[in-house]
Amino acid sequence: MSDPWDGLLDPDERILWQGRPDPAIKLEWGHPLGAFLALFVTGFSVFWMNGAAQAGGFFWMFGLLFFAIGLYMLAGVHFWKAFVRRRTHYTLTNKRA
């Protein structure tokens, strides 16, 4: 069985630590107003699509873009960050991090 680090480490380099971040879904926003803005965009798009649908035609579908953006801002970003953390590995050597 070959070592997966063959060819990646220098001859005198050794691994000191390896780890992974917590892959759990965490509800965190970078700015305090982030959740409010996401809720506003999502709510307004639902309100707008409802009004446009009452007018008839397919113009209400334009609001789907903003609804999707709002949903991503509310929940999707947290699932995406957890997805990235599940596939992240850290390695610390005596020469590199």
Exercise. Could you please report the charge total around LYS95, scoring K, R as +1 and D, E as -1 over all other residues with beta-carbon less than 10 angstrom from its beta-carbon?
Key: -1
Quiz item: Rounded to the nearest 500, what is the chain's calculated 222 nm mean residue ellipticity when only DSSP H runs of at least 4 contribute -39500 (n - 2.57) each, over all residues?
Solution: -13000 deg cm²/dmol
Quiz item: So what J values fall out for segment 73-85 if you push phi through Karplus, 6.51 cos²θ - 1.76 cosθ + 1.60 with θ = phi - 60°, rounded to Hz, Gly and Pro as x?
Solution: 5, 6, 10, x, 4, 6, 5, 5, 4, 5, 4, 5, 4
Quiz prompt | Where segment 12-97 is the region considered: accessible area per residue in Å², 1.4 Å probe | solution = 75
Quiz item: For THR93, which sequence-distant residues (separation of 5 or more, or a different chain) have an amide H within less than 5 Å of its own amide H, given hydrogens modelled in the peptide plane?
Solution: LEU16
Self-check item: Integer Hz, Karplus 6.51/-1.76/1.60 couplings in order for segment 3-9, x for Gly and Pro
Solution: 7, x, 8, 4, x, 9, 9
Quiz prompt | Structure-derived percent of Cα pairs over 22 Å apart - corresponding label in [x] 15; [y] 56; [z] 29 | solution = [y]
Quiz item: Using a simple charge model, +1 on the beta-carbon of Lys and Arg, -1 on the beta-carbon of Asp and Glu, nothing else, what dipole does the chain show about its Cα centre, in debye to the nearest 20?
Solution: 240
Quiz item: In the neighborhood of ALA75, defined by Cβ-to-Cβ distances under 14 Å, what is the net charge if each Lys or Arg adds +1 and each Asp or Glu adds -1?
Solution: +1
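The values are calculated or read from the model by the stated rules, or taken from the named source; none is laboratory data. Everything quoted here is computed from the prediction, not taken from an experiment. Glycine gets a Cβ as well: all are built from the backbone with ideal geometry, and neighbour counts include every protein chain shown. Areas reflect the complete protein model, heavy atoms only, side chains present, ligands, DNA and RNA absent. Shrake-Rupley method; radii C 1.70, N 1.55, O 1.52, S 1.80 Å.
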